Amino acid sequence: PDGRDDRMRTVGRAARAVAVLMLLTATVACGSTGEPAAREAAYEARLDDGAAVTAVSLRGAPALLSTWATWCAECKGELPGLETLWRGRRDEGLQVVAVNVDGHGIDRGVKAMIRDFGLTMPVWRDPDNNFAASFSTVGVPTTVLLDAGGRVVRTWFGPTDFEGSDVAGEVDAALTTGPTSR
């Protein structure tokens, strides 16, 4: 191959890298500013019985939504901590929702994982992963903290230590700000 082909491949790689960085920058900025998420009010998922649930239904108290999938090793590592957070902080008003993003037809696997991990927190099903578009995120696990008014106040990408001081501090702040209006 001549040098021109090598230069074209290098330019293509550089362009892809810039595009990925732009996407990640936009994602981080959108999730961490405290500004309302563009489509958060329209976010809808399903309960196990098929009933629709929305992010709007969570308004009035802070809510932590965390995505997971049966095939995700990191999700399996963080689900016990998410359950512990919910059990420990629900009486203070924190809502915690485990949002499953496994595709259609994985019901038995999802139910088995809920049983195996002893999850008692609400579990929403989102087989089309509308969560990603609604909250401008990519990948699982991803966790979004909403204030009582439904605004995104923090987004964690990747595995999260729900018992760590970072999460505790953000949850404390969300709980102490009280209900807000939109």
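The values are calculated or read from the model by the stated rules, or taken from the named source; none is laboratory data. This structure is a prediction, so every number in the text was calculated from the model and none was measured. Cβ coordinates were reconstructed from backbone atoms using ideal geometry, including for glycine residues, and neighbour counts include every protein chain displayed. Side chains included, ligands, DNA and RNA excluded: accessible areas come from the protein's heavy atoms. Shrake-Rupley method; radii C 1.70, N 1.55, O 1.52, S 1.80 Å.
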Next on the checklist: Could you check region 118-169 and list, in sequence order, the residues that are touching a strand residue (DSSP E or B) at 6+ places or on another chain (Cβ under 6 Å) and either among the charged types (D, E, K, R) or on the phi > 0 side of the Ramachandran plot (or both)?
Outcome noted: Arg125, Asp126, Asp147, Arg154
Checklist entry - Which of the residues spanning region 70-128 are of a type in the set (S, T, N, Q) and under 16 Å from the mean Cα position of the chain (by Cα)? => result Thr70, Gln95, Asn100
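Which of the following residues is in a loop (DSSP other than H, G, I, E, B) and in contact (Cβ under 8 Å) with a residue 60 or more places away in the chain: Val144, Val140, Val167?
Val140
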Checklist outcome for this item: The condition of being over 20 Å from Asp48 (Cβ atoms) and open to solvent by 50 Å² or more (accessible area, probe 1.4 Å) holds, among Thr177, Thr120, only for Thr177
Next on the checklist: Given the criterion among the hydroxyl-bearing types (Ser, Thr, Tyr) and touching a residue at least 60 places away in the same chain (Cβ under 8 Å), identify the matching residue among Ser57, Ser66.
Outcome noted: Ser66
Next on the checklist: Can you list the strands (runs of 3 or more DSSP E) lying wholly within region 37-129 that have 3 or more residues being over 19 Å from Phe157 (Cβ atoms), modelled with pLDDT of 95 or more and of a type in the set (S, T, N, Q)?
Outcome noted: none
